[in-house]
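Report on the structure given below.
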Amino acid sequence: MSRLLETIASSEDVRGLTLAQLEQLAGELREAIITTTARTGGHIGASLGAVEIILALHTVYRTPRDKVVFDIGHQAYAHKLLTGRREQFGSIRQLDGLSGFLKRRESPYDVWEAGHASTSLSAALGMAVARDMRQETHQVAALIGDGALTAGMAWEALNHIGHLKTRMVVVVNDNSMSIAANVGAFSRYLTGLRSAPGYTRLKQDIEALLEAVPVLGAPLIRTAEKVKDLARHAVVPGNVFEELGFKYFGPVRGHDLGDLIPVLAHAREFEGPVVVHVITQKGKGYRPAEERPMQFHGPGPFEVDSGRFIKKAGPPSYSQVFSETLVELAEKREDIVAVTAAMPDGTKLELFGDRFPGRLYDVGIAEQHAVTFAAGLAAAGMRPVFAVYSTFLQRGYDQLVHDVCHQQLPVLFGIDRAGLVGSDGATHQGVFDLAFLRPIPNLEIAMGKDERELRNLVTAALERPGAVAIRYPRGQGRGLDLSGPPDPIEWGRGEWIHQGRDLTLVALGPMTYTALAARTELEQLGYRVGVVNARFVKPLDTALLAEVAASSGALMTLEEHVVAGGFGAAVLEWASQEGVSLPIRTEGLPDEFIDHGPVPHFLEHYGLTADAIVRKAKSWLGPVKRRA
Ligand SMILES: Cc1ncc(C[n+]2csc(CCOP(=O)(O)OP(=O)(O)O)c2C)c(N)n1
């Protein structure tokens, strides 16, 4: 049997294949996804689960003329392989390689870009409305997971689509999983639909149809009219989608192309909005991923044969230290409650949940709700802690301003993955949080230089009267000893580690260690260099800054965050208000979206390594002045 994948240059080539060939191609796609992600890491579980859906979509829809919008885009590896990117596929998530999500500049088949969940329905509706306004005829489909359907944004779109009755197809990829097991009443509802009578009848009708039409592909699509009858039988009385104004087809077996293709073909021709409810298995076709779907959601490299992760052993991550500190504190305080928005594993709050199962709430992919839910808990006397990736907190901004800070409620935000994140790239960089948090009254913001300070800060933050945001980076800490009780922290005070007459490096978070390394080199060259570990962005330690300004010739701020609105900007605001004439230079990230690639590469590229800081300091300060 000759291989097919190498013969597919675009989705056009998929449309001429028979059912047997499509099934063969599904196997080849899986093989490519498994062997590549084993080397690069990536979203293998979701991508394996969506292989047949993607094949069926490209068979039935005239992509890219018909628009297929992928929610998040982490499940779209088969789509990349089928749309002219097979040869570059090995570069996925690597520097200058293919993105791990969709990218409009990568391909005309990528009609929408996302890394955050639940945008697909709104975007697809926008495209469908634009089509209708221009009197065009193509179809628009959105592929959304059951996890992404837990977000309010998806429901805002369903509400609007049902109201407009716009012609479009919503394919719900239901694998009962978000990253962890999916949660919520709607997830339970979807599970209930699986055993509804519509499923069996739909299946029987499809089988009858297939007996009449043995060869799949184009001929079958032309028989889509015959499939129309299926719709009548597939309606489940009282189905929530039907009540909202959609036609509901399903549930459909999502790894059976013989089921998927005729149903999608019929949905394509339907005049109004349609939901096709597809049942899939995350990790399908690779046993370790089927058995451990959470670990195989987005792993690093692994051995294909054993499914063992190739992970460097090392110190605990910042996320783990954050969660373990909460456990430590919660042993003595019953008011501490933890909240996660579908990330119990990534944030490591699962450790908290293991110890206190009744005190961890997973709200689903619902960051806005998570923030206001936490505000409600705080208003009723609890001490809620919401651990959330910096990038996903962007979703909960109004709730942070209006519900938490305006009411002066003591919610602790653990801002995980603050800074550069690496291979997830532009949609996931945690580099904007200081800029959007700093202007909010009644919010204090801190970042420790290492995991020991993170622990100290978390402990102190839970004694504060109002809201606190503590940033910490992705990845492992420095392996510091965390035995013994946390050290007391003087709230609002930075740490003046070294004094220096020529220049003081004022660093935020782990950049303090970079500053210390730069100082060592600069001192060897004869410069007198001070180092401050800022610790607090708000309140800013202005007393310390004033002392530094009085004793140092220049000041350079360092942060892994965009310069605009960041920590350095806070220092500049203070300096201008106080009339400080000291030369100040702010070092951080530029005003651009930073793509995927190794964090050290970008630190080098943007001049945030010790060597780069030495170079900048030398050229800024000029030659060493000889002193008497
Ligand atoms: C707003 C937002 N919050 C959290 C995430 C992290 N995240 C990425 S994939 C995922 C699970 C998505 O589940 P589902 O939509 O069912 O797709 P599946 O992976 O199961 O195919 C989550 C929580 C995200 N991408 N966006």
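The values are calculated or read from the model by the stated rules, or taken from the named source; none is laboratory data. It should be emphasised that the depicted structure is a prediction, and the values quoted were computed from it without experimental measurement. Cβ coordinates were reconstructed from backbone atoms using ideal geometry, including for glycine residues, and neighbour counts include every protein chain displayed.
A compact table of results
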read-out	value
Tally of residues being at pLDDT 95 or above and polar (S, T, N, Q) across segment 165-189	3
Filter result for R355 (farther than 21 Å from L149 by Cα, surrounded by fewer than 18 Cβ atoms within 10 Å (Cβ to Cβ) and basic (K, R))	yes
Set G566, G597: member being under 26 Å from the mean Cα position of the chain (by Cα) and over 21 Å from A435 (Cα atoms)	G597
Near pairs, Cβ below 8 angstrom, 6+ apart or cross-chain, from segment 276-304 (touching a residue at least 12 places away in the same chain (Cβ under 8 Å)) to any residue that is among the acidic types (D, E) and crowded, with 21+ Cβ neighbours inside 10 Å	H277/D174; V278/D174; I279/D174; T280/E52; T280/D174
Criterion (under 30 Å from I594 (Cβ atoms) and within 16 Å of the ligand (Cβ to nearest atom)) met by exactly one of L102, L95	L102
Residue among L482, L457 that alone is part of a helix (DSSP H, G or I), touching a residue at least 60 places away in the same chain (Cβ under 8 Å), outside the structural domain of V599 (by TED's automatic domain parsing) and over 30 Å from L102 (Cβ atoms)	L457
Selection within segment 34-80 - within 16 Å of the ligand (Cβ to nearest atom) and more than 22 Å from E23 (Cβ to Cβ)	G41, G42, H43, V69, F70, D71, I72, G73, H74
Pair list, Cβ < 6 Å and 6+ apart or interchain, from segment 39-64 residues that are among the polar types (S, T, N, Q) to residues that are within 12 Å of the ligand (Cβ to nearest atom)	S47/Q75; S47/Y77
Pairs, first closer than 10 Å to T514 by Cα in segment 597-614, second among the polar types (S, T, N, Q) and part of a helix (DSSP H, G or I), C-beta under 6 Å, six or more apart	A610/T514
Scan of segment 127-148 for residues that are part of a loop (DSSP other than H, G, I, E, B) and either modelled with pLDDT under 95 or in contact with a strand residue (DSSP E or B) (Cβ under 6 Å, 6 or more places away or on another chain) (or both), ordered by number	D146
Residue under evaluation E23, criteria (1) acidic (D, E); (2) in a helix (DSSP H, G or I); (3) free of Cβ contacts under 8 Å to residues at least 40 places away in the same chain, criterion not met	(3)
Filter pass, E328 being at pLDDT 95 or above, more than 16 Å from the ligand (Cβ to nearest atom) and among the acidic types (D, E)	yes
Every residue from segment 407-428 that is part of a loop (DSSP other than H, G, I, E, B) and touching a residue at least 40 places away in the same chain (Cβ under 8 Å)	Q408, L409, P410, V411, R417, A418, L420, V421, G422, S423, D424, G425
Out of E106, E52, sole residue that is more than 25 Å from I310 (Cβ to Cβ), surrounded by 24 or more Cβ atoms within 10 Å (Cβ to Cβ) and within 25 Å of the chain's Cα centre (by Cα)	E52
Test: G381 is surrounded by fewer than 24 Cβ atoms within 10 Å (Cβ to Cβ) and either in a strand (DSSP E or B) or within 15 Å of the ligand (Cβ to nearest atom) (or both)	no
